[in-house]
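**Q** Encoded as C-alpha cells, here's the structure I'll be asking about.
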Amino acid sequence: MLGEVSVRHEVDSGRPGNTQQLRRVARCSPLVFRDNHGFEAGPLYGLKGGSGDEWYLRFDAIRIRESRVLSFQVSVQLSDDVAFQSASLTRVQDTAFRAHSDATGRLLAEIDFGAVDPCDLARFDDDLPYESDRRLWGPRWQGCPATVEKVFPTLPVDLRKQLGRMGVAGNAVVYVSAQAFVRAITLTALPEASILLHGAFRLGLDPGPFESMSKAWSHDSVAAMVQNRLYEGAVYGNLQVQGGVGPDMIPGQLGQDCAEVVVGLAGGACYFHEVSARDAWQLLAGETVETSSLNCLTHIRRAVGSWAVAFNEVIPKAFIADPGVCMPGHRDCVGLCQCCLQVQGWKLLMADGAWEGTGEMTRVFGDPDQQHAESGSRHQGEVIPVDAPCTPAQLALVDALLERGAIGAMGPGDVAVFHASNFHAASNDASQASMALYVGWLPWAGMRRFVSPSSFWQSSDDYVPAGDLLEQRAFDAGLAVYRTVVKDVEWPWPVSSSEAEWLRARIQTVGDLVESAIAHGMPRLYQDAQKDLEVEAAELWTPGQQHDALISTGRPLDNSFSGDVIEPDPLREQSLLPVPEWAPANPQRYIQSLSLGLQMETVMDLFECASQRLEDHRQLDHAYRQLQVCEWVYHKVTGRIFGPALWSRASVLAMCVEIQMKRARVMGVGQLREVPPSDIDGGLVARSIGTGASSLPPEEPETLERWCNERLDVVLTLLRSALGQDARCTDAQLPMWPPPADVLLEAEFLDSVRCCRPGELEAIVGPLAKKRKKRR
C-alpha cells in the first residue's frame, strides 16, 4: 500500500470523508493496458474503503500553470460495471482535490491525499521496461534533477530547479497517457504546448529505428558525421554554422565539398536541419528505414483513422545539433502545429501560448526578416543559451515565456506538440550532440488559424502552403469522414455512454468551425492580407475545462475577417482553371468565354499576372494556364508566336519539378524512382496542368520520376520553340526577345534543368550566341 487518503463520493451530503487504502495496480493487471491501437494508458491506482469495494483512479496528464500544478486530467472507474470516465482533478486546498466529470460536469468525488503527493502518483514510471527498449531513457523524474544540471548547466538557477522537479516550467500540459494525448490532438486547436513523456514508447512506435540509431550514434561533431557518412554525393538539407568563420547557413545541397568547408571553419558548432529522416538514418546509422514508422501523426492516423487530424506532413525532418546549439526565437508564418520527437540527447523546447501575446514577443525577441515581424524588432531572433550565462535580454525572454508560455526539458523518446504560429525557440543538450524529428500537422480545431488570409501563400518551396491545400479542396473528403464520427464511431479509447455523447458534441462543433473557416477563407484566397486573426474562444478550449465550454463557438467567425474588402480580380482567380478540352482547338471562343478582349492590353495583363506568380513560386498551375491564354491572344492579335510566354511556360514547369524535388527532399529526379506521389507532402505539384504535354492531366503516375522527366522533356521543347525564328518579339509595348545568350543561360527558375539535364540548356541557347557573333 502507498498510504491512506480521505475520499467523499457524496460531497454535498455533509458526511465526513472515509479513509481508503491507496495501492498501485501492477502493469501486468488486465486493467493496465495498451488499447486496441497500441496506445499506452497512464499510471493506475486502486482505492478501497471499509466496505471492501474498490474503485480506480488513472492519471492521464498534469496541467501546470505559472510553474505550479493546477490540476490533473484523470480517468475514474467508480464500479466494475461501468467504463472509465474522463474527469478533471482540481486543487481546492493544499492537499484536497475535487474530481468533476468532463462529460457532464458532475462532481464525482473529493479526495484529500494527505501525505501522499499526487504528482508522484501521476509521474510514476519506474515500471517501464527501460533496459529492453531503446525508446526509453530511464525514469524521467527520479533522474531529472541531475540530468538538468548536466545538459542545461547555465540556465537560471530557479528555472533549473523547476525543470528538475517537474520537467516543465510556465504553462503547459504534461501527458503520461498516450490515450489522453491522442484525444487532445483530435479535439483541440492546441493553444498550449504539451509533452507526452516517453511518447515513442507510449504511442507504440516501431522500436527498430531507435535501436539502430542508438547503437550507431557517434560522439563526433555534426561536421565530422556529415563529412564521413555522406552518400551519393549530396543530401537535401540546411547546415547552419554558429560561432565559426564563414557562411552562417549552407542551404539545399550538402555534399562532400560542403562538409570540407564546414570542417575548415574554426570551431563553429553546426546545426544540420530540415533533412529527411530517411537520409538522417542513412547518414548516421547506415541503414534504410521506413520513415512512416518515425512519424507520430502518421502512426496515430493509421491507428485511429484518417479523421484524427486534418493534415500532416509525410516526411519527418531531422534536426541534428552539436552540443549547445540554439534555434533563435521566431514564429512560423503558416498556421500549422509541430510535433517534435526527441531521438538522441536532450532539448530545451520553448513556446508561447494562446496567440494573444506572441506578436509582441516576436517584435521584441524575434527576427524582423520574418513575415510577421514588425518594424523596430531585433536584427536577429533571441536565443536561450544552455552552456553560457544568459544576458539581460535573454533573461527577459525567459520571464516572458514563463509568464505566458512554457519551457520544457525533452529527453530521448519524449514527444512534444505546439502551435508553430506561437513564438517558439529551442536549445540543444550542452553535454552531447542531439537529434530530434519534426512533423508539421493540422488539427481540425485549428483550421480557422490555418486558413487565415495572411498565411495562405507564406511558405518555402519544400513545404506545402495553406493556399495550395485550400485551393485543391484537400480537406473536403477528410471533413466528411470527421463528420461521420458524430454518428457512428468506434472510439480509440474506452468511453462511457455520457462521454461518447460529449465527444460527439465537441466534434460537431469542430466540424461547424471548419466549414465556417473554409467558407470565409475561400473568397480571400487571392487577396494579399497581413491582418492577424483575433483569438477565438473555441480555439482556447482544452480537455479539463467545464463541459459546456467545449461547444461554445464564441464570436461568429466572419467577425474575424470584418473590414476586409474583397475586390474581384478574375485574372487571379480560378477562372482559367480548368481549361476545357475544346479550348486549344478554338482559343478565340475560350478567350471570349473569359470576357477577355483580343488586344495587346490583355496580353500584358496576363503576362504580368503569370510572371508575378512564377516569381512568388505560387499557384504555378494558374500561371501556366494564363501564359497559354496569353500566347493565344498574342497570336490572334499579331499572327506571331509570343516567345517570352513560351519561355516563361517552360520556366513554370521547371519550377514545378524543382519544388517537387524539394518537397521530396532529394537532389535529383533519379532519387524519385521508387517514390509514389502519396509519399510526398502535398502530392503532385500543380497536378491540374499534368506534364504540360496536353491540355488534360494524365493519370497519376506510379512514381514521381516519370512525371518529372516528362515535364522536363516538355520544358526543353518549349525552350526551343521560344528561341525559334517565329518567336521574335519587336513590339514596343513588350521587352525585346530574345535577350542575349548569357542572360538566358543564367535565367531564373531553370535550376532543375541545369541539375537534371546538364548541358541541354547550353545546347539550346548556343546557336543563338553563334548567330549574334556572325552578325557582328
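**Q** If I ask for residues that are closer than 18 Å to Ser177 by Cβ and either of a type in the set (Asp, Glu) or exposed (fewer than 15 other Cβ atoms within 10 Å of the Cβ) (or both), which ones from the stretch 91-111 would you list?
**A** Once the filter is applied, which keeps residues that are closer than 18 Å to Ser177 by Cβ and either of a type in the set (Asp, Glu) or exposed (fewer than 15 other Cβ atoms within 10 Å of the Cβ) (or both), the stretch 91-111 yields only Asp102.
**Q** For residues that are modelled with pLDDT under 80 and open to solvent by less than 40 Å² (accessible area, probe 1.4 Å), scanning just the stretch 1-29, find the one that is farthest from the chain's Cα centre (by Cα). Steps first, answer last, please.
**A** Step one: list which residues in the stretch 1-29 are modelled with pLDDT under 80, which gives 1, 9-17, 27-29.
Retained after the next criterion (residues that are open to solvent by less than 40 Å² (accessible area, probe 1.4 Å)): 11, 17, 29.
Working: Val11: 45, Gly17: 48, Ser29: 37 Å.
Ranking the qualifying residues of the stretch 1-29, first place goes to Gly17.
**Q** When the stretch 656-665 is examined, which residues are found to be under 16 Å from Arg706 (Cα atoms) and open to solvent by less than 10 Å² (accessible area, probe 1.4 Å)? Break it down into steps so the answer makes sense when it comes.
**A** Here is the first cut: in the stretch 656-665, the residues under 16 Å from Arg706 (Cα atoms) are 656-661, 664.
If the condition is that a residue be under 16 Å from Arg706 (Cα atoms) and open to solvent by less than 10 Å² (accessible area, probe 1.4 Å), then Cys656, Val657, Ile659, Gln660, Ala664 are the ones that fit.
**Q** Take the conditions touching a Gly at 6+ places or on another chain (Cβ under 7 Å) and modelled with pLDDT under 90 and apply them to Gly204. Does it pass? Outline the logic, then answer.
**A** On the way: touching a Gly at 6+ places or on another chain (Cβ under 7 Å): yes; modelled with pLDDT under 90: no.
So Gly204 fails the test.
**Q** Run Ala585 past the list (1) modelled with pLDDT under 90; (2) open to solvent by less than 30 Å² (accessible area, probe 1.4 Å) and report the number of the one that doesn't hold.
**A** (2)
**Q** May I pose another question? How many residues does the stretch 602-660 hold that are among the basic types (Lys, Arg) and in contact with a strand residue (DSSP E or B) (Cβ under 9 Å, 6 or more places away or on another chain)?
**A** Filtering the stretch 602-660 for residues among the basic types (Lys, Arg) gives 613, 618, 625, 636, 640, 649.
When the remaining residues are screened for being in contact with a strand residue (DSSP E or B) (Cβ under 9 Å, 6 or more places away or on another chain), the result is 640.
Total satisfying the criteria: 1.
**Q** Can I ask one more? Restricting attention to the stretch 343-366, which residues are open to solvent by 10 Å² or more (accessible area, probe 1.4 Å) and acidic (Asp, Glu)?
**A** Glu356, Glu360
**Q** Would you confirm, using the coordinates I've provided, whether Leu108 is of a type outside the set (Lys, Arg) and more than 32 Å from the chain's Cα centre (by Cα)? Can you show your working first?
**A** Values: of a type outside the set (Lys, Arg): yes; more than 32 Å from the chain's Cα centre (by Cα): yes.
Spelling it out, Leu108 is indeed of a type outside the set (Lys, Arg) and more than 32 Å from the chain's Cα centre (by Cα).
**Q** What number of residues in the stretch 331-342 are open to solvent by 10 Å² or more (accessible area, probe 1.4 Å), at pLDDT 90 or above and in contact with a helix residue (DSSP H, G or I) (Cβ under 9 Å, 6 or more places away or on another chain)? Outline the logic, then answer.
**A** Taking the stretch 331-342 and keeping what is open to solvent by 10 Å² or more (accessible area, probe 1.4 Å), we get 331-334, 336, 338.
Then keep just the ones that are at pLDDT 90 or above; that gives 336, 338.
Next, from what is left, pick out any that are in contact with a helix residue (DSSP H, G or I) (Cβ under 9 Å, 6 or more places away or on another chain): 336.
Qualifying residue count for the region: 1.
**Q** If you don't mind, there's one more thing I want to ask. Does at least one position in the stretch 30-49 carry a residue that is surrounded by fewer than 13 Cβ atoms within 10 Å (Cβ to Cβ), within 30 Å of Thr298 (Cα to Cα), without any contact (Cβ under 8 Å) to a residue 24 or more places away in the chain and out of contact with any Cys (no Cβ under 7 Å at 6 or more places or on another chain)?
**A** yes
**Q** A further question on this structure: Can you pull out every residue in the stretch 670-716 that is farther than 25 Å from Ile315 by Cα and surrounded by fewer than 16 Cβ atoms within 10 Å (Cβ to Cβ)?
**A** Passing the criteria: Ala693, Ser694, Leu696, Pro698, Asp713.
**Q** Take the stretch 316-330 and flag every residue that is under 22 Å from Val235 (Cβ atoms), open to solvent by less than 10 Å² (accessible area, probe 1.4 Å) and under 17 Å from the mean Cα position of the chain (by Cα).
**A** Hits for the stretch 316-330 are Pro316, Lys317, Ala318.
**Q** A further question on this structure: Check off (1) open to solvent by 30 Å² or more (accessible area, probe 1.4 Å); (2) at pLDDT 95 or above for Lys161 and give me the number that stays unchecked.
**A** Lys161 satisfies every listed condition except (2).
**Q** Starting from residues that are farther than 16 Å from Leu57 by Cα and among the aliphatic types (A, V, I, L, M), keep the ones in the stretch 112-132 and report whichever is least open to solvent (accessible area, probe 1.4 Å).
**A** Result: Leu128.
**Q** When you scan the stretch 594-614, do you find a residue that is part of a helix (DSSP H, G or I), touching an Asp or Glu at 6+ places or on another chain (Cβ under 9 Å), closer than 17 Å to Val715 by Cα and aliphatic (A, V, I, L, M), even just one?
**A** There is at least one residue in the stretch 594-614 that is part of a helix (DSSP H, G or I), touching an Asp or Glu at 6+ places or on another chain (Cβ under 9 Å), closer than 17 Å to Val715 by Cα and aliphatic (A, V, I, L, M).
**Q** Looking at (1) open to solvent by less than 10 Å² (accessible area, probe 1.4 Å); (2) at pLDDT 90 or above, which is the only condition Cys144 fails?
**A** Against the list (1) open to solvent by less than 10 Å² (accessible area, probe 1.4 Å); (2) at pLDDT 90 or above, Cys144 comes up short only on (2).
Rundown of residues vs (1) part of a loop (DSSP other than H, G, I, E, B); (2) at pLDDT 80 or above; (3) in contact with a strand residue (DSSP E or B) (Cβ under 9 Å, 6 or more places away or on another chain); (4) closer than 30 Å to Pro767 by Cβ, yes/no style:
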residue: Glu674; (1), (2), (3), (4): yes, yes, no, no
residue: Leu684; (1), (2), (3), (4): yes, yes, no, no
residue: Thr691; (1), (2), (3), (4): yes, yes, no, yes
residue: Val714; (1), (2), (3), (4): no, yes, no, yes
residue: Thr717; (1), (2), (3), (4): no, yes, no, yes
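**Q** Here's a follow-up. Which of the residues spanning the stretch 274-323 are free of Cβ contacts under 8 Å to residues at least 60 places away in the same chain and among the small types (Gly, Ala, Ser)?
**A** Answer for the stretch 274-323, where residues must be free of Cβ contacts under 8 Å to residues at least 60 places away in the same chain and among the small types (Gly, Ala, Ser): just Ser292.
**Q** Inside the stretch 320-332, can you point out the residues that are outside any loop (DSSP other than H, G, I, E, B) and under 24 Å from Pro191 (Cβ atoms)? Can you show your working first?
**A** So in the stretch 320-332, the residues outside any loop (DSSP other than H, G, I, E, B) come out as 320-321, 326-330.
Met327, Pro328, Gly329, His330, listed by residue number.
**Q** Being basic (Lys, Arg) and closer than 21 Å to Gly408 by Cβ narrows it down to one of Arg135, Arg91, so name that one. Spell out how you get there, then give the answer.
**A** Working: Arg91 fails: closer than 21 Å to Gly408 by Cβ.
The match here is Arg135.
**Q** When the stretch 625-675 is examined, which residues are found to be on the phi > 0 side of the Ramachandran plot and touching a residue at least 60 places away in the same chain (Cβ under 8 Å)?
**A** Pass one, the stretch 625-675, residues on the phi > 0 side of the Ramachandran plot: 639, 665.
Once the filter is applied, which keeps residues that are on the phi > 0 side of the Ramachandran plot and touching a residue at least 60 places away in the same chain (Cβ under 8 Å), the stretch 625-675 yields only Arg665.
The values are calculated or read from the model by the stated rules, or taken from the named source; none is laboratory data. Nothing here was measured: the structure is a model prediction, and the numbers come from that model. Glycine also receives a Cβ, built like all others from the backbone with ideal geometry; neighbour counts cover every protein chain displayed. Side chains are part of the model used for accessible areas, which takes the heavy atoms of the whole protein and leaves out ligands, DNA and RNA. Shrake-Rupley method; radii C 1.70, N 1.55, O 1.52, S 1.80 Å.
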